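Undergrad: One structure follows; several queries about it will come next.
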Number of protein chains: 2
Amino acid sequence: MPTLADVGKAAGVSRGTVSNVFNRPELVRPELRERVEAAARTLGFGGPDPKGRLLRDGKFNAIGFMPPGAYAIAEVMRSPYGRELVLGVSLACDEAGTTLSLVNGTDNTRFASIREALVDGFILGHSADIGLITSAQRRRLPFVILESDAGPDINSIKIDGRSGAVAAVRHLTGLGHRHFGILSIRRTPGPPIVHMPGQAKRPLLAGFPLDDERLEGFKQGLAEANLSIDDVPIIETTPGDPSAGAVVFDNVPEATAILTMSDWQAITILDEAVRRGIEVPGHVSVIGFDGTAESARTTPPLTTIAQDVIGKGRLAARMVLDNEPPRQVVLPVELVVRASTAAPRAKIR
Amino acid sequence: MPTLADVGKAAGVSRGTVSNVFNRPELVRPELRERVEAAARTLGFGGPDPKGRLLRDGKFNAIGFMPPGAYAIAEVMRSPYGRELVLGVSLACDEAGTTLSLVNGTDNTRFASIREALVDGFILGHSADIGLITSAQRRRLPFVILESDAGPDINSIKIDGRSGAVAAVRHLTGLGHRHFGILSIRRTPGPPIVHMPGQAKRPLLAGFPLDDERLEGFKQGLAEANLSIDDVPIIETTPGDPSAGAVVFDNVPEATAILTMSDWQAITILDEAVRRGIEVPGHVSVIGFDGTAESARTTPPLTTIAQDVIGKGRLAARMVLDNEPPRQVVLPVELVVRASTAAPRAKIR
DNA sequence: CAAAATTCTTGGAGCGCTCCAAATTATGGT
DNA sequence: ACCATAATTTGGAGCGCTCCAAGAATTTTG
C-alpha cells in the first residue's frame, strides 16, 4: 500500500503537499496538483489512509451499541423491540453524521470488546453486570446504560416498568380476570423454566433490574385485587423461544389471562393459540409489553404496555453524542388497549 | 489522557513493560506487575488506547454496511427487507467476531464516507452509481455490491429478480387476472408518481438495475399472457410511503391484481384496503416481493416472491470477510402462495 | 527594480501503541 | 563462587497522517 510519502517521492514533492492535494486542493497550485494526482494514480494510491488521520485527531466519529446481557447483535436484530431501539439510535446517528458500530461481545469477550471498540462513546444494553460498567468507565468515554439505574454518576435511561406492569394487571383484573399466567424472560440460554405455585424458589429476583421491576409490578397489581403472585404460575423462556406459547398453554390451561414481558412473547402465544384453536381474547386474554409496531399488526391486535422505543434509542444516542452531565431518565409507559384482551367468559374453557 | 509512557514513568518502568502488563501479563514478574497496575490506577489509565494498536496492526476488525442509494441507515432499519438483510450480515459478524459499522452517507457525503470509513471491507447496498464503486475500489478493500452486477472483477450478489417478477405475473394470469396495476419504487425523495397508460415517458428504465429487472420481468410475464405492460398503470412511491396504498386505489380502481416491488409496499396496500373496505383477495389480489417474515404475518398472509434475505446478508458479509477472488452470485427466488391472491371475481367490483 | 506582500511548499513533531532484538537480571548446577 | 541458561525488561523503529511554523517562490507595489 503506497503512502503519502511514496506519492510525494514519485511526484517530487513533500508529504505535506500530497496531503494538501487530497484534503485542501485549493491550497496547491493547479499544475503541481495535477502532477501529484498523476503520481497517485500511477502508484494506485487511493487517498490518505484513515488510520493515520485517526491517530492524529483521535476521533472515531462513531458510537458503539453493545447488546444487553450476553446477547449477540443478531439476537437484537431479531426482536421487534431490539430493532426499534437500534432504529432510534440510528436515527440520531444519521442526524449527527456518526457511524453506528454494532459491537459484539460474548460472555467472555465483552470486556475486551469494550476496551477495544473503535468508538467515541457507548450505549450499553441493560445489564446487571457491574463489571461492564467499570470497563466502560475505564475507557473514559461517554456512555449510557439502558434499563437499569446505575447511580447518579452514570447516564441511564429506563422505562417505568413497574407502573407498566401494574397497569397491565389492573386492566385485566378490571375486566374480571382472576386466573393468570406470567410469561417471563429467561436471561440465560436454555429451555423454558416452569415455576408452578407452591414451589420453593420463585424467580422474583432474577437479577435483571428490567425483569425484576416488572415482576414486582405484576405482584403489586395482583395484590391490589387481593390476588397473590405466589399463586400464579411463572414461566421463563428466552426472548425468541418459539415454544413459549406451547409451554404456556401446556402448563397453565386454567389461566384466562397471560401477562408477558414483551410483544414478541405475546406474539408467540398468539401463534400457538391459532395452532390449538384457542381464541384470543375469547378463551384467553394476552397482553404484550413494549408497544412495538408489530403489536399493532397481529391478529388480533395486541393490547400492550407501550413505550417509545424509538425515542429511547434516539435519546440514548444523543446522550452519548452530546456528552452532557450524567442524567438518569425514566420514561413513561402507557397501556394501549387493543383487541387481545377482553372480559373472561363466564365458564372457563 | 495518560498514555503507556506516562504510566511507565510513574512506575519506573518502560513503555514496553506497561504494554505487557495489559496485554501479556504472564510475561511480567507479579511484583512489578502490581506496581504498574497501581501506577495505572493512580493515573486513571484504563488500558492501552485502541488507536495506537490500530495504527500498529492496521486492522479495524470491522466491516461497513452502506445503505443503497441515498438512503440512511434508519431507512434501512425501517424496512422489513433492510432489517433482515442487516440481520443476516450481523449473523456473519457475530460468528467472525467482527464489528458491524452502519455507515451513513447522504448524497454528498457518500464518497467521503467510503474514503474514511474505519473498516476492513464494505457491503454496498444496490447502486446504479459507478462513482461509488470507484470510490470503494480506491480504498483497496474487499467489498461486495448488492443487487447489481458490476462486472467480473467485482463481488456482487443479486437475486434473479426478472424470474421472480415473471413468476408473480404468471401466478396471477394463471388465476385469471387481466387487469393489473404495478406499484414500483421511486428512488428519489418525493411524492408518488403516477404513470397511466398512453403517457409518453414510462419508467421502464429507472436506472436502478434492481427495479429495471423486475419491471422487465413484469413486462415479459404480461406478454406471455398477451398483455402489454404499456397498458398497465405504474405507480412509483418511495419505499416506506404510507400513502402508497391510497394512491394505488385512487388511480387504478379497475385492477384486479396489484404487483409490487416489496412486501412493505404490499403491506401498505393491505392496510389501505382495510380502511376502504376492499377485500383482499376478494376484490383485489396483492402480491409482495422478498418474502420477509412480515409477509407471513399479515391479514391475509401475503403471496410473495420470496428470497433468502438473511442468507444474502450473511453471504455478503462472508464474502468481504473471506476476501476471496471476486464472484458474481445470483440467488434464486421462489413464489410463495399464501392468501392474498385468488381468482378475480366474475364481475369487477 | 528592490522591497513588501502574497502564495506555495516543506519537513519536523507528534498522535499511542506493539514488535522485536538486545540488554539485563535471576536461577540453577557444579 | 562462577558460568550457562532461563526469565524479564528495555527502547528503537516504525505504523500513516495532519498541523504548523518557517522557508521558498512568485507577484504586487511604490
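Just so you know, all these numbers are worked out from the coordinates, no wet-lab data involved. Here the structure is a predicted model, which is why all the values come from computation and not from measurement. All Cβ positions, even for glycine, are placed from backbone atoms using ideal geometry, and neighbour counts span all protein chains on display.
Undergrad: From the C-alpha coordinates alone, can you work out the Kirkwood hydrodynamic radius of the stretch B:161-307, in Å?
TA: Working: mean 1/r = 0.0676 Å⁻¹.
One over the average 1/r among Cα pairs gives 14.8 Å for the stretch B:161-307.
Undergrad: Continuing with this model, one more query. Scan around B:Thr99 for amide H atoms under 5 Å from its own, H built in the peptide plane at 1.01 Å from N, and keep only partners 5 or more places away or cross-chain.
TA: Correct list: B:Ala62, B:Ile63.
Undergrad: Counting DSSP beta bridges in the protein assembly as shown, what percent are antiparallel, to the nearest 5?
TA: On the way: 15 of 79 bridges.
The antiparallel fraction comes to roughly 20 percent.
Undergrad: Report, in degrees rounded to the nearest 10, the 0 to 90 angle that the Cα long axis of helix A:30-43 makes with the longest principal axis of chain A.
TA: 70 degrees
Undergrad: A further question on this structure: Restricting to DSSP H runs of at least four residues, report the calculated mean residue ellipticity at 222 nm for chain A, -39500 (n - 2.57) per run over all residues, nearest 500 deg cm²/dmol. Kindly include the intermediate steps, with their values, before the conclusion.
TA: Details: 13 runs with 145 residues, N = 349.
Calculated mean residue ellipticity at 222 nm is -12500 deg cm²/dmol.
Undergrad: Same structure, new question: Please tell me which of these pairs span more than 30 angstrom C-alpha to C-alpha: B:Lys158/B:Lys219; A:Lys59/B:Lys9; A:Lys9/B:Lys9; B:Lys51/B:Lys158; A:Lys158/B:Lys59; A:Lys9/A:Lys51? If you can, show how the numbers build up before the last one.
TA: Numbers: B:Lys158/B:Lys219 20 Å; A:Lys59/B:Lys9 26 Å; A:Lys9/B:Lys9 38 Å; B:Lys51/B:Lys158 36 Å; A:Lys158/B:Lys59 36 Å; A:Lys9/A:Lys51 21 Å.
Cα-Cα > 30 Å for A:Lys9/B:Lys9; B:Lys51/B:Lys158; A:Lys158/B:Lys59; rest within.
Undergrad: Rg and Dmax of chain B, Cα atoms, in Å?
TA: Cα only, chain B: 26.2, 92 Å (Rg, Dmax).
Undergrad: What list of ³J(HN,Hα) values in whole Hz, one per residue of the stretch B:337-344 in order, does the Karplus curve 6.51 cos²θ - 1.76 cosθ + 1.60 (θ = phi - 60°) give from phi, with Gly and Pro shown as x?
TA: Per-residue couplings from phi come out as 8, 10, 9, 8, 10, 6, 4, x Hz.
Undergrad: With the convex hull built on the Cα atoms of the stretch B:252-349, state its orientation-averaged projected area in nm².
TA: Working: hull surface 28.8 nm².
Value for the stretch B:252-349: 7.2 nm².
Undergrad: Ranking B:Thr256, B:Thr3, A:Thr304, B:Thr188 by Cβ neighbours within 10 Å, fewest first, what do you get?
TA: B:Thr188, B:Thr3, B:Thr256, A:Thr304
Undergrad: In a Debye calculation with equal point scatterers on the alpha-carbon sites of the protein assembly as shown and no solvent, what is log10 I(q)/I(0) at q = 0.08, 0.09 Å⁻¹?
TA: Result of the Debye calculation: -0.72, -0.89.
Undergrad: Among B:Ser14, A:Ser79, what is the fewest-to-most ranking by other Cβ atoms within 10 Å? Display every interim value, and only then the final one.
TA: Working: B:Ser14 13, A:Ser79 20.
The most exposed by this proxy come first: B:Ser14, A:Ser79.
Undergrad: Check A:Phe122: other-chain or 5+ apart residues with amide H under 5 Å from its amide H, H built from backbone geometry?
TA: A:Gly64, A:Phe143, A:Val144
Undergrad: Under the rule of at least 5 residues apart or a separate chain, name every residue whose amide H is placed under 5 Å from the amide H of A:Arg186.
TA: Correct list: A:Thr237, A:Thr238.
Undergrad: Bin width 5 Å, origin at 0, all Cα-Cα pairs of the stretch B:4-44: what percent of pairs per bin?
TA: Result returned by the calculation: 6, 31, 40, 20, 3.
Undergrad: Looking only at chain A, where both bridge partners belong to it, what percent of the DSSP beta bridges are antiparallel (to the nearest 5)? List each step's numbers first, then the result.
TA: Numbers: 6 of 38 bridges.
Just about 15 percent of them are antiparallel.
Undergrad: Give me the Debye-computed log₁₀ of I(q)/I(0) at q = 0.10, 0.11, 0.25 Å⁻¹ for the stretch A:116-203, equal point scatterers on Cα only, no solvent, two decimals.
TA: Relative scattering, expressed as log10 I(q)/I(0), comes to -0.45, -0.53, -1.23.
Undergrad: Counting DSSP beta bridges in the stretch B:161-307, what percent are antiparallel, to the nearest 5?
TA: Working: 3 of 18 bridges.
Roughly 15 percent of the beta bridges in the stretch B:161-307 run antiparallel, per DSSP.
Undergrad: Within 10 Å of each Cβ of B:282-289, how many other protein chain Cβ atoms are there on average? Provide the component values of the computation, followed by the final result.
TA: Numbers: counts 0, 0, 0, 0, 0, 0, 0, 0.
Mean partner-chain Cβ count within 10 Å for B:282-289: 0.
Undergrad: Same structure again: Under the Karplus relation 6.51 cos²θ - 1.76 cosθ + 1.60, θ = phi - 60°, what is the ordered set of whole-Hz ³J(HN,Hα) values for the stretch B:58-66, x standing for Gly and Pro?
TA: The phi angles translate into x, 10, 7, 6, 8, 10, x, 10, 10 Hz.
Undergrad: Something else about it: GNM on chain A, C-alpha springs below 10 Å: top fluctuator among A:Pro239, A:Pro301, A:Pro191?
TA: Most flexible of the set in this elastic network: A:Pro191.
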